[in-house]
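The values are calculated or read from the model by the stated rules, or taken from the named source; none is laboratory data. In this text, all values refer to a predicted model and were calculated from it rather than measured experimentally. Here the Cβ is made from the backbone with ideal geometry for all residues, glycine too, and neighbour counts use every protein chain on show. For the accessible areas, the whole protein counts, side chains as well, though only heavy atoms, and no ligand, DNA or RNA atoms are used. Shrake-Rupley method; radii C 1.70, N 1.55, O 1.52, S 1.80 Å.
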Amino acid sequence: MEYLDIYDKNKKKTGKIIVRGEKPKENEHILLSIIFIKNSEGKYLIQKTSKEKGGHYSSTGGHVESNEDSKTTILRELKEELGLIVNRDEIKYIGDILLGIPIADVYYLEKDINLKDLKLQKEEVDEVSYMTKDEILNLINNENFTKSHGKILKKYF
């Protein structure tokens, strides 16, 4: 069972904890962590989620568990979803965005990653590829991209 900390609108922990899947009360928020990975060609590593997860395109990310910081979360998600291990100092925090109930901390990594070296978590990810900004924006505009990730990408593009 996963537990999530509750945050206020200023991203301060309230001391409350809920089980993942429970809906926070009004003016309560949970924290997500998302990362954008860009290679030296200016393309972004995008994953297509499994059918069980909706089958949409997205970037890598997940829920920040109780007593975990968002940077630790993104390192965990990279390892779980892609089999990718990166150093903590390689990823850069670029900001946050309020997405309604969730608040997302957004990270950035510039690194050339060979897609053949990745070990995809089949329960979460069907495939990965590199895409240009225009290709990603086309997926977002055609509603083939996870809505929250699309909103974040549009803000930071």
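Numbers for the structure displayed
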item	result
Normalised contact order of the range 1-94, rounded percent, pairs of Cα under 8 Å and 6 or more residues apart	23
Spin-label pair MET1/LYS116, simplified geometry with 7 Å Cα→Cβ offset, distance in nm	4.6
Normalised alpha carbon radius of gyration of the range 79-157 [divisor 2.2 N^0.38 Å]	1.19
Where PHE145, PHE157 fall by accessible area, highest first, once all protein chains stay in place (1.4 Å)	PHE157, PHE145
Accessible surface of the chain [probe 1.4 Å, protein heavy atoms]: carbon and sulfur percent	46
From phi via Karplus (6.51, -1.76, 1.60), per-residue ³J(HN,Hα) for the range 59-71 in Hz, x at Gly/Pro	9, 8, x, x, 6, 7, 6, 4, 6, 10, 8, 5, 5
Subset of LYS43/LYS122; LYS13/LYS51; LYS71/LYS147; LYS9/LYS147; LYS13/LYS147 violating a 30 Å alpha-carbon distance limit	LYS13/LYS51
Set of the range 65-105 residues, backbone N closer than 17 Å to the point 7 Å along the Cα-Cβ line of LYS13	65-74, 103, 105
Long-range amide H partners of HIS56 with built H, under 5 Å	THR49
Contour minus Cα-Cα distance for SER66 and LEU137 (0.36 nm per residue)	22.3 nm
Å² of accessible area per residue within the chain, as computed with a 1.4 Å probe and no ligands counted	56
DSSP-loop GluC sites (Glu not before Pro) across the range 1-87, with at most 11 other Cβ within 10 angstrom	GLU2, GLU26, GLU41
Options GLY62, ILE101, LEU118, ranked by Cα towards positive dipole end of the chain, top entry (Cβ charges)	ILE101
Two-decimal log10 I(q)/I(0) for the range 7-64, as the Debye equation yields it once each C-alpha is a single scatterer, q = 0.24, 0.27, 0.28 Å⁻¹	-0.98, -1.08, -1.12
Computed helical MRE - 222 nm, the chain, DSSP H runs ≥ 4 contributing -39500 (n - 2.57), nearest 500	-5000 deg cm²/dmol
Tail fraction, Cα-Cα pairs, the chain, threshold 20 Å, whole percent	49
